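Novice: What follows is a single structure, and I will ask about it in a moment.
The values are calculated or read from the model by the stated rules, or taken from the named source; none is laboratory data. Worth saying up front: this structure is predicted, and the values here are computed from it rather than measured. So basically every Cβ, Gly included, is an ideal-geometry build from the backbone, and we count neighbours across all protein chains shown. These area figures cover heavy atoms from the full protein model, side chains too; ligands, DNA and RNA do not enter into them. Shrake-Rupley method; radii C 1.70, N 1.55, O 1.52, S 1.80 Å.
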Amino acid sequence: KLNQKCNNMKQDIRTKDYILFIEAWCLLALARFIIYSFPFKYIVIILERKPNNSKANKNVNPLILDEISNAIRRACNHSFWKTKCFEQALAGKIMLNLRRIKSSVYFGVADNGVFMAHAWLECEGRTITGGKGKDKFAVINKFQ
């Protein structure tokens, strides 16, 4: 009986991860479409959209942040297009907003002989997407 419960629990976890993967993959595709189809001033509307304060989650479960981060990473690895940091941050922002979780998208630049830009998503002091090398970039804008 205990083995059956463990197997059911593993199946639930796999199903939940798979559903998050599909959501992340679809939102990465949507984010790519939005970024390449609309001027930045319209994308800002999405970036500045906040969850309803009266319904926003006060105590965020760190597990869901890890699950969303992992789902986005997996979806990037299994997409047939190149997913960049901005697409990942936008998709993650939408995923967190859908769960009424507040987050911030950061834009940074660096000039080490070659001008570079980077975007990353943070929530509750944790980096959800774009954490690799973010410390090398000077923040030029933050959308909460």
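Novice: Considering the dipole of the chain built from charges on the beta carbon (Lys and Arg +1, Asp and Glu -1) around the Cα centre, which of Val139, Thr15, Phe107 is farthest to its positive end?
Specialist: Comparing the listed Cα positions along the dipole, Thr15 ranks first.
Novice: Follow-up. If the elastic network links every pair of Cα atoms under 10 Å, which of Phe21, Phe40, Phe107 fluctuates the most in the Gaussian network model of the chain?
Specialist: Phe40
Novice: Taking segment 76-144, which trypsin sites (Lys or Arg not before Pro) meet the DSSP loop condition and have no more than 11 other C-beta atoms within 10 Å? Don't jump to the answer; show the numbers that get you there.
Specialist: Numbers: sites: Lys82, Lys84, Lys93, Arg99, Arg100, Lys102, Arg126, Lys132, Lys134, Lys136, Lys142; in loops: Lys82, Lys84, Arg99, Arg100, Lys102, Lys132.
Passing sites in segment 76-144 are Lys82, Lys132.
Novice: Okay, which of segment 70-110 sit inside 16 Å, backbone N to the point 7 Å along the Cα-Cβ direction of Ser37?
Specialist: 87, 91
Novice: Calculate, for the chain, the solvent-accessible area per residue in square angstrom, rolling a 1.4 angstrom probe over the heavy atoms of the protein chains.
Specialist: Numbers: 9260 Å² over 144 residues.
Using a 1.4 Å probe on heavy atoms only, each residue of the chain averages 64 Å².
Novice: Here's another thing I want to ask about it. Shape of segment 72-144 from its Cα gyration tensor (a ≥ b ≥ c, root eigenvalues): rounded if a/c is under 1.5, otherwise prolate when a/b > b/c, or oblate? Intermediate results must be reported in sequence, preceding the final value.
Specialist: Details: a/c = 2.29, a/b = 1.25, b/c = 1.83.
Cα axes put segment 72-144 in the oblate bin.
Novice: Holding the Cα-Cα limit at 18 Å, pick out from Lys93/Lys142; Lys41/Lys132; Lys50/Lys102; Lys102/Lys142 the pairs that are longer than that. Mind showing how you got there, number by number?
Specialist: Numbers: Lys93/Lys142 13 Å; Lys41/Lys132 27 Å; Lys50/Lys102 7 Å; Lys102/Lys142 13 Å.
Violating the 18 Å Cα-Cα cut-off are Lys41/Lys132.
Novice: Continuing with this model, one more query. When all C-alpha to C-alpha distances in the chain are sorted into bins of 10 Å, what percent of pairs does each bin hold, rounded to whole numbers?
Specialist: The calculated distribution, bin by bin, is 11, 38, 34, 12, 4, 1, 0.
Novice: What number, in percent, do you get for the relative contact order of the chain if the mean sequence gap of Cα pairs under 8 Å and at least 6 apart is divided by its residue count? Don't jump to the answer; show the numbers that get you there.
Specialist: Working: 190 pairs, mean separation 35.8, N = 144.
This gives 25 percent for the chain.
Novice: Please determine, in degrees from 0 to 90 and to the nearest 10, the orientation of helix 62-77 with respect to the longest principal axis defined by the Cα atoms of the chain, where the helix direction is its Cα long axis.
Specialist: Taking Cα atoms only, the helix is inclined about 70 degrees.
Novice: Here's another thing I want to ask about it. Which of Ser79, Ser37, Ser103 ends up with the largest GNM mean-square fluctuation for the chain, with Cα atoms connected below 10 Å?
Specialist: Maximum among the listed residues: Ser37.
Novice: Then there's this: If you roll a 1.4 angstrom probe over the protein chains with everything in place, what fraction of the accessible area of segment 11-125 belongs to carbon and sulfur, to the nearest %? Can you show the working numbers first?
Specialist: Working: 3860 of 6790 Å².
The C+S portion of the solvent-accessible surface of segment 11-125 is 57 percent.
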